[in-house]
Amino acid sequence: MHQYEWEGERNCLAVPVHAPSGEVVAAVGVAVVDTRRLATTVEAAQRAARMLSTSLGRTPGAGAPRSG
């Protein structure tokens, strides 16, 4: 997870989504205005990234090298 402050009013975070190969193929990104909700938001973003990573593992051909 990567977290940073933006313009002193928002915290932004990004959580990686992994292909079955382990390669990072996407990220779940969130901007939080109310920092009192940051911990809950981090947990939700991490859960969403895990769910997406798991779903990619169930998708035929996911994580396979692209041709072209």
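Taken together, the values in this text are just the output of simple stated rules run on the coordinates, not laboratory data. Since we're looking at a predicted model, the values are computed, not measured. Glycine gets a Cβ as well: all are built from the backbone with ideal geometry, and neighbour counts include every protein chain shown.
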Label model pair S21, T54: point-to-point distance (7 angstrom along the Cα→beta-carbon line) in nm is 2.4 nm
What nm value, rounded to one decimal, do you get for the distance between R47 and C12 when each label is placed 7 Å out toward the C-beta?
-> 2.5 nm
